[in-house]
Structure formats: C-alpha cells, structure tokens
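Novice: There's a structure below that I have some questions on.
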Amino acid sequence: MNAPAKLLHIPVEHTTLANGLRVVASPDRSAPFVTVGVYYQIGFRLEPRGRSGFAHLFEHMMFQGSENAGKMEHIRLINSSGGTLNGTTNYDITNYFESVPSNALERVLWLEADRMRALKVDDENLRNQRDVVKEEVRVNVMNQPYGGFPWLDLPPVAFRNWPNAHNFYGDFADLDAATLADVQTFFHTYYAPNNAVLLMLGDFEPAEGFALAKQYFENIPPQPKLPLADVSEPAQTEERTGAVDEKLGPLPAIAIGYTLPPRESPDWYVAGILDRVLHGGRAGRVFRKLVLDEQIAVDVSSTADLLDTNGPTQMVTSIYHKPEFTSEGTIAIFDEVIEEIQQKGIALDELDPVKVKFRSDFYSSLEGGMGYSMPRFGLMHYLACFTLFDGDPHRVNTILDGFLAVTPEQVQAFARKYLVARNRAVVVRRPVAPGGAR
Amino acid sequence: MTSSTTSSALRTQPPALGPESPVAWPQRTVRTLSNGLQVVLVESRNFPKISAQLYFRSGNAVVAHSAPGLAEMTATVVRLGTATRPSRLIEEDLRRMGASLGTQAGADSSAISATGLAEFSSGILELMADLARHASFPEDEFERERRQRLEELRIDRTTPGFLASERFRKVLFGAHPYAVVAPTEEQIAAFTRDQLAEFYRKHYVPAESVLVVVGDFSADAMLAEIEKIFGAWNAPKPDVPAFPAPPQQSGRRVYLVHMPGTVQTQVLLGNLSITRRDPDWFSLVLANSIFGGAFHSRLVINIREQKGYTYSPHSGVNALRRQGYFTVRAAVRNDVVAATLTEMFYEMDRMRSLPVTAEELDSARSYITGVFSLGVATQDGLLGQLSTVYLDQLPEGYLENYRDKIRALTAADVLAAARRHFDSANAQIVIVGDRAQVGEQAALFGPVETFDAQGARLA
C-alpha cells in the first residue's frame, strides 16, 4: 500500500501593516486551535556589550507586565483560556508564542499587542527575574554534566567579533549590572513592529486574522532608526582550539565546528545535506566510524542551525568518547572520515537516501509542536525566519528544492573547501571531577 | 474563531472569549487480530507521514527482581539485527524510507516505534514486524551496547535530576519493582545475550501488545496491510509475577544525596498516589494543576515569580500502570533549601485546608481541558493520547468524556483530592546537594539519611 510520493504544500498568506509589522497566516481548520507567535529580529548576538545574557533576561521581562496586563496576568489569561505559552531567545530572534483554543485568538492578539506597545515593569520584577535566570543557568549549565556543551563553549573559540563570540547565557556580573533603564532602552530600540513578524496558524479565516492584527497592532509606532549591526567575522587563517573543564561528567567530550557559508548561498544548501551524510543518525558516517566501527565514542551528535540563523554559524559535531582513548586520537579518526569524503566523494546510492530522510525530517520539523503542547510550532518558526531573514514566508514551500538538488560533485567540493582546519574550531571538555576518576 | 466586538484599538481590558468550538476526537479503527494484537488506527492527513508505536505490556518491572534494567537493554539490542538484516542494513533501510526508529522500555512496557514518509508505510511496518519477530541479538552488537550503557550510567550518576529521581523511587516503592530506576554497573556487567533473547521470546508477543498507527493513510487499506504483515505471528501470553506492595510511610523523612561543591540543590518530595483508573484521577489532576502543575499555579507564583528561588518548580501526578505517585520538585539556590521546603509544604497544606477560589477552579478547568485537547492537533499528540488509553486499557470514551469529567468538578472535589493525595505529613523528601551547605537546612524537616552519588550510605 505504499502511496506515491506527495509533496507538501503549506497554505501561506501575508501582509505588511502601515507600521511595518509583517503578518503571516497559515490556516488549517482540522482542529479548533490556533498557535500565535510574535518574533522580534533581535537575539543574543546583538545584546549590548558588557551585558552578556541580556537578550535572554529581557525575554523574561516580557512576561513581567505590560500596560494593561500586569505581572502574571498574561500567563493567567492564556492558561485560563485553555492554552499554553512560552518564549525563547536565539542567535538572531526572540520569540513569544501561545497555543490556545481558537475562540481565544483575539485575546492572544490583544495581549501580544499590549506588550509590543509598552512594557510596564519595575526594579522588583528585574531583581526577581535576575534570580530566576541565575537558577536557569545553574540548572542547565553549571549544575549539569556537559551543561552548555557545545553551544556555549564553541563561539568564544570559533569567532572574533563580540556579537558572535560572547557568553550568550550571560556572566552573572553582567546580569547583576543590568538596570531597568537598560530594559527600557532595549525595548524601545528593538521591540518595534517594524522589527517583528506576527504569525497565526491553525483554525481561523486569514481575512479575519488580518483584520484583528490591523485592529490591535497597526497603531503601535514603529522605530524609525533600527540599528544596523555588523556581525561579520574577519577571515580565519588557521585552526582555532580551546579547552574547558568538565566539572561533573566522567567522559571527555569534543566539539568540532566548521563555519558555514552565508544563508541561502548555493553552498549553504550543500552544507545541509552534507551534515546529514556525516551525522544522520546511526547511518551517518561519523557515528558509524566512531561509535559503531572503532568503538571510540559513546555518542556522536550534531547541530547545524541553518534555517533559523542569519549570521555566522557552524556545523558542529559533538563527540563523547571513552576515557581510554585520547581526544587527539579521536579527532584524528574523525579527520579520516572527513578526508574520505574529500578524496572519494559520495555515491548516489548514499546521497539519494539522505535526501529522502532530509525531506521526511523537514516535514517532521514543520509538524513538530514541542511535544504536543504547541501544534505547528516548527512551521511557525520557519515561517518567521523566512519572513524576517529572506522577506518571503512562501520559501517554506520551495526551500526543500535547493537541498534536494545537491549533487555528489557539490558535496565533495564543499568538503574540500569548507571542512578544512583553517575553517574550524575545536573545543575539548576535560573531566576534572573526582567522579571522573575510575 | 471570534469576531471582534469593539472598535477601540486601545482597549484596556482583554477581549472576552468567543463561543467555544467542540473538540472532535478523530474516528478510530480498533481491531484485535486473531493472534491477540490490538490495532488502533487514526487517519491524520496534514502531513504525508505515518507514526507507529508497537507496545508490549512488559517492561523493567517484570524483571526487577531477577535482572533490573533487562527490558531496557533488550530493547536497545532489538534494533541491531534480525535473521535477515544486519544492523547496517536496518539503518540504511530506515534512511531509504525517510524513517526514524526507536526501541525502548520503561517500567511497564517495551516499545518499537517508527515514523517516516507515508509513501513507505508498508516497508516501515514490515521492518517493525521484523524487529518484533526475528531479532537476532548479535553478540558483538550487544557487547558494544553494554559498554555504552555503563558509560551512560556513569554520566547519570553525575546528573542531579537523575540522582533525585533514583533515590525518591527507592524510598517510595521499597520492594515494589517501581523502586528501580536504573541497574547498577554490576548488574549491567552481568547481563547475558541469552537473558536478552529470553526476555524477547517471552514478552515480545502479540497477545499482550498494541499497535497504534497515526498518519496519512486510509484506515481500511492500512488494516488489511497490517493483517498481512502481523497476522501470522503467534506466541503464548507471558506470565507476569505479582508485585509486592510498596511500603506505608509514616512521618516525613529526608534523604540527602551528597554531591560535593554543587552550586544548586535539587529538591524532590512527594508520596504514593493513584493511577488513571482511579475515580479520583480527574480531581487530582485538577488539584495538581492549581497547586503546581501549570505556569499559572500557586507554587510557581510563590517560589518563582514572588521569591525567585528557582527557574523550574513543578508538581506532577505520575501514573505508572499499577501505582501512581505525586511529586513536587525544584532546583534552587543552596541557601534557600529550607525556605523552599517551607513554601512547598505551606502550599500543599493550603490546598488541603481551604477550598480553591471560584476563579482558580474555573481557570484550571479550562487549562486542563484545553491542553488535553491540544492532543488532537498533531500526529504526535494523537499517538501519545491513544497510546495511553489503549496501553493502560482505560475505559471506552476516556478521551471523549475527559472534558466533561473535568468540567463537572467542584472546589469541594479539589479539596477532597488534595486531602487524600497530597500527603504532606508523610511526604518523603529527597535533596541532592552539598551536605556542608544544605545538611542543616534539610534536618529541619525530619530525620536525615545521607548517601553518596553511587548510592552508598554515608555516616
């Protein structure tokens, strides 16, 4: 009963309000829920110098009260409507989102407009959330084995320009130094309708959604002088390396990051496919070599934030290896995998299945809803990135074409050009804890 | 979808909710094949994918007294070879079909799950059936995985959340198999290939299994296909041992897991509770939501939003198949461990002493029914909800009646549930942190026993 291959087509409509707010609608009437998001084009890359971690601390402040919805009111109104909400801070975006029964769409838009218009927070709120954020950093980084590995370890080694190279979760001294004035300045600088996109997905009529968006958002004043930021990196000429103490975990861990070509360039698509050749699960070449064949590593994983970043980013291999092997020796075996693809390239009978899996995984990301508390979160996330970074949410329906067109020759050429020492950074986590000794 | 009733763009009050849309749980095709395999199918055609879960109603609990963790180790090795497919071919077949595979076991069940492109439905189900019926347990693959499991366990023993759960389950469940969260290094070292194969032969059988498939297919055609693929599979029902009862607790006790130098302390407390089949289940879920199960809950407002002690406070009702348990947890600064426990007990006792307000009740009923119903909106959600219903053999109409059951509850029901199930006087308390920093605070709440991260008792 294998059905013929079906290509997915996502319905997308979009408009821009007079104040510059972009509005994207993707209706789907199959279940009575809507997911709503507001994405601001500001992430931790552009937080102020001397204020590491500020973009994320600020994200917490967006839940502390706006003009007409005081502290906990936003959360109460969403939860009591039968919905869930959250926010996240990323490299180039910060997002706020809700999934609610569709009869609460207007309420959600009112709430999001209220906090886009005016943040109403005080020193007590800031002190409170600074404490909360410190516990967040402790639970996710300082009190976890391999906490922050590799996402906090690599940037300071790999990059030279502060926006790309600092501690994104924040040094505690910088968090302590943040003031209420910083909060309001950041808000007025970046949290403007012309620096954001509003997304609505699910059970609603786009015309009605657009009308409500206009009603609640259009008279929020734009920011006439959005800052221009330079996140470019100087050319790298040799391999960069670093070491970080692992205070809890018993195994050495290695992160190897190769800097990727710019978004939407021809090579960028090749990076997406080659990443899957190397790292696509247990069939990926690196996993097969290091975990299955040589049995040096316990686990291998990777990240390549292609679709949701808009600045220097890396394809990162994370390797946790057994203590009886050296990190240097492990890297040498990893290098053999890279050399093999540089020298011998890749056959179609390997590349074609990788593309099938790539397509399937893309659909899964679109459907993915953070467990299932946030239906269509993945679709919303990509629509936001295509709108903010590429100016076209319809890219969601064509983006696969670029990846599926990658040829074996391109893969080999990419490996020769980009997977080289002068384009990479390597960080080793070395266990120092007594628990690490056997 | 609501229509706007105001013309003022700068309104200061939130818009009222529009009329509610009914939530329709999708039609299900449910059949039991002649070999006993129960098949549950739901069409969900937004994405050209299928997701399938094949469950066996035997997990780590049935072997907890002979070989703890054996079900999990068996599941790990099940995917690594069949009579006709070596491990590498399995992985390549998966990739060719755009599929991901998982094999895992918990306390109550073992599972083979896969998701992939609908155009390869048959191939994906055939591969699942091959793993369910013809796994070959290659010795070399097993030895490699055994070593991996040892290393994972060593990492777990440096993870505060794991150490808290492990000690808590030991304390709460005593001789009951749910006491075991993970095997020891010695137990992992003692597993044999034959033990894995034996567990597989006994427990991977159609008579105690459920196959749930959600996705882009026609249910009739899918059912016919499944009969073809799984119909000829036969094996007897396994014997499942009776489990000893968990201990009765009397009075609060504190179990401190000492991790020297930690910059934060994990607090986990709670008591034995009920399963989804208990008549109190719905009122307990509601009480938990008001207490600490939602962002807008008393515990979160208190120790996060007012006091800033923690990032992620949470309470939950954990429904294992034979016995549930109630937990309250938070990772807090070292100097507020006692203050956190005081607030946790204060909020538990408040739930037990006074009825919740009408506003809290109303808000929580909407929240619980809304979030539960979100399950209809994704393939993963449907799969999760259906799996719970059929694996736990919940009554017909459980999904459909959930909203009405929650909505019928009163403040008196919540009060009664809190009194019965938030056992504050006999709560067991686990603290994972540096005893030099938190030991005195812990001792304020009951007699303290101290352990190291390996589980050895410390003087």
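Novice: For segment B:1-23, which residues satisfy the criterion of being within 30 Å of B:Gly375 (Cβ to Cβ) and either surrounded by fewer than 10 Cβ atoms within 10 Å (Cβ to Cβ) or modelled with pLDDT under 50 (or both)?
Specialist: Matches in segment B:1-23: B:Met1, B:Thr2, B:Ser3, B:Ser4, B:Pro19, B:Pro22.
Novice: Another one. If you take the residues of segment B:108-162 that are of a type in the set (Asp, Glu) and within 29 Å of B:Arg322 (Cβ to Cβ), which of them is nearest to the other protein chains (Cβ to nearest Cβ)?
Specialist: B:Glu152
Novice: Please give the helices (runs of 4 or more DSSP H) falling wholly within segment A:306-400 in which 2 or more residues are surrounded by fewer than 18 Cβ atoms within 10 Å (Cβ to Cβ) and within 13 Å of another protein chain (Cβ to nearest Cβ).
Specialist: Passing ranges, in order: A:348-367.
Novice: On to the next question. So how many residues does segment A:135-160 have that are surrounded by fewer than 23 Cβ atoms within 10 Å (Cβ to Cβ) and part of a helix (DSSP H, G or I)?
Specialist: Of the residues in segment A:135-160, 7 are surrounded by fewer than 23 Cβ atoms within 10 Å (Cβ to Cβ) and part of a helix (DSSP H, G or I).
Novice: Kindly indicate whether any position in segment A:88-98 is more than 30 Å from A:Ala229 (Cα to Cα) and hydrophobic (A, V, I, L, M, F, W, C).
Specialist: Taking every residue of segment A:88-98 in turn, none turns out to be more than 30 Å from A:Ala229 (Cα to Cα) and hydrophobic (A, V, I, L, M, F, W, C).
Novice: For segment A:71-113, what are the residues that are more than 9 Å from chain B (Cβ to nearest Cβ), farther than 18 Å from B:Ser373 by Cβ and of a type in the set (D, E, K, R)?
Specialist: A:Asp92, A:Glu112
Novice: Tell me, please, whether a residue that is under 27 Å from A:Asn164 (Cα atoms) and away from chain B (no Cβ under 12 Å) can be found in segment A:114-123.
Specialist: Within segment A:114-123 (the criterion being under 27 Å from A:Asn164 (Cα atoms) and away from chain B (no Cβ under 12 Å)), the answer is yes, since at least one residue qualifies.
Novice: OK, next. Between A:Ala304, A:Ala332, which is modelled with pLDDT under 95 and not polar (S, T, N, Q)?
Specialist: A:Ala304
Novice: Same structure again: Starting from residues that are β-branched (Val, Ile, Thr) and under 30 Å from B:Arg154 (Cβ atoms), keep the ones in segment A:124-163 and report whichever is farthest from the other protein chains (Cβ to nearest Cβ).
Specialist: Only one residue tops the list, namely A:Val157.
Novice: Next question. Count, please, the residues in segment B:367-381 that happen to be more than 7 Å from chain A (Cβ to nearest Cβ) and closer than 25 Å to B:Ala52 by Cβ.
Specialist: 2
Novice: Next question. Filtering segment B:275-303 down to residues that are more than 19 Å from B:Asn401 (Cα to Cα) and in a loop (DSSP other than H, G, I, E, B), which residue is farthest from the other protein chains (Cβ to nearest Cβ)?
Specialist: Going through the qualifying residues, I end up with B:Ser297.
Novice: Could you pull out every one of the strands (runs of 3 or more DSSP E) wholly within segment A:194-301 that has 2 or more residues that are touching a strand residue (DSSP E or B) at 6+ places or on another chain (Cβ under 8 Å) and within 17 Å of A:Glu336 (Cα to Cα)?
Specialist: A:253-259
Novice: Starting from residues that are in a helix (DSSP H, G or I) and touching a Pro at 6+ places or on another chain (Cβ under 7 Å), keep the ones in segment B:157-173 and report whichever is farthest from B:Arg252 (Cα to Cα).
Specialist: By that ranking, first place goes to B:Phe173.
Novice: Moving to a separate point now. Condition check: surrounded by 23 or more Cβ atoms within 10 Å (Cβ to Cβ) and in contact with a Phe, Trp or Tyr (Cβ under 8 Å, 6 or more places away or on another chain). Does B:Ala118 satisfy that?
Specialist: Criteria met by B:Ala118.
Novice: Sticking with this one: Among the residues that make up segment B:267-274, is at least one of them in the same structural domain as B:Ala338 (by TED's automatic domain parsing), part of a loop (DSSP other than H, G, I, E, B) and either surrounded by 23 or more Cβ atoms within 10 Å (Cβ to Cβ) or within 24 Å of the chain's Cα centre (by Cα) (or both)?
Specialist: Yes, segment B:267-274 contains at least one residue that is in the same structural domain as B:Ala338 (by TED's automatic domain parsing), part of a loop (DSSP other than H, G, I, E, B) and either surrounded by 23 or more Cβ atoms within 10 Å (Cβ to Cβ) or within 24 Å of the chain's Cα centre (by Cα) (or both).
Novice: Taking segment A:233-251 as the search range and keeping residues that are more than 9 Å from chain B (Cβ to nearest Cβ) and of a type in the set (Gly, Ala, Ser), which one is farthest from A:Pro431 (Cα to Cα)?
Specialist: Result: A:Ala235.
Novice: Within 16 Å of A:Asp114 (Cα to Cα), in contact (Cβ under 8 Å) with a residue 40 or more places away in the chain and within 7 Å of chain B (Cβ to nearest Cβ), is that true of A:Asn68?
Specialist: Yes, satisfied.
Novice: Report whether or not B:Glu347 is out of contact with any His (no Cβ under 9 Å at 6 or more places or on another chain), under 23 Å from A:Ile78 (Cβ atoms) and acidic (Asp, Glu).
Specialist: When the stated conditions are applied, B:Glu347 passes them.
Novice: Do you know which residues across segment B:174-202 are part of a loop (DSSP other than H, G, I, E, B) and under 24 Å from the mean Cα position of the chain (by Cα)?
Specialist: B:Gly174, B:Ala175, B:His176, B:Val180, B:Val181, B:Ala182, B:Pro183, B:Thr184 - these are the residues of segment B:174-202 that are part of a loop (DSSP other than H, G, I, E, B) and under 24 Å from the mean Cα position of the chain (by Cα).
Novice: To continue, here is another question. Can you tell me which residue is farthest from the other protein chains (Cβ to nearest Cβ) among those in segment B:382-407 that are of a type in the set (S, T, N, Q) and under 21 Å from the mean Cα position of the chain (by Cα)?
Specialist: B:Gln393
Novice: Residue under question is B:Ile112, and the condition is that it be assigned to a strand (DSSP E or B), aliphatic (A, V, I, L, M) and in contact (Cβ under 8 Å) with a residue 24 or more places away in the chain; does it hold?
Specialist: yes
Novice: Name, by its number, the condition in (1) surrounded by fewer than 18 Cβ atoms within 10 Å (Cβ to Cβ); (2) within 11 Å of chain A (Cβ to nearest Cβ); (3) free of Cβ contacts under 8 Å to residues at least 40 places away in the same chain that does not hold for B:Glu186.
Specialist: Answer for B:Glu186: the failing condition is (2).
Novice: Take B:Ala245 and tell me if it is hydrophobic (A, V, I, L, M, F, W, C), more than 14 Å from every other protein chain (Cβ to nearest Cβ) and exposed (fewer than 14 other Cβ atoms within 10 Å of the Cβ).
Specialist: The answer is yes for B:Ala245.
Novice: B:Ala75 fails exactly one of the following numbered conditions: (1) within 20 Å of B:Glu208 (Cα to Cα); (2) more than 14 Å from every other protein chain (Cβ to nearest Cβ); (3) surrounded by fewer than 22 Cβ atoms within 10 Å (Cβ to Cβ); (4) out of contact with any helix residue (DSSP H, G or I) (no Cβ under 8 Å at 6 or more places or on another chain). What is the number of that condition?
Specialist: B:Ala75 satisfies all of (1) within 20 Å of B:Glu208 (Cα to Cα); (2) more than 14 Å from every other protein chain (Cβ to nearest Cβ); (3) surrounded by fewer than 22 Cβ atoms within 10 Å (Cβ to Cβ); (4) out of contact with any helix residue (DSSP H, G or I) (no Cβ under 8 Å at 6 or more places or on another chain) except (3).
Novice: Then there is this: If you scan segment A:336-392, which residues turn out to be closer than 23 Å to A:Thr16 by Cβ and either outside the structural domain of A:Gly284 (by TED's automatic domain parsing) or aliphatic (A, V, I, L, M) (or both)?
Specialist: Scanning segment A:336-392 gives A:Leu379, A:Met380, A:Leu383, A:Ala384, A:Leu388.
Novice: Identify all residues within segment A:94-108 that are in contact with a Leu (Cβ under 7 Å, 6 or more places away or on another chain) and surrounded by fewer than 24 Cβ atoms within 10 Å (Cβ to Cβ); write none if there are none.
Specialist: Matches in segment A:94-108: A:Asn103, A:Arg107.
Novice: Answer with yes or no whether A:His60 is within 30 Å of B:Arg96 (Cβ to Cβ) and either assigned to a loop (DSSP other than H, G, I, E, B) or of a type outside the set (Ser, Thr, Tyr) (or both).
Specialist: No, not satisfied.
The values are calculated or read from the model by the stated rules, or taken from the named source; none is laboratory data. All values derive from a computational prediction rather than experimental measurement. We place every Cβ from the backbone using ideal geometry, glycine too, and count neighbours over all the protein chains shown.
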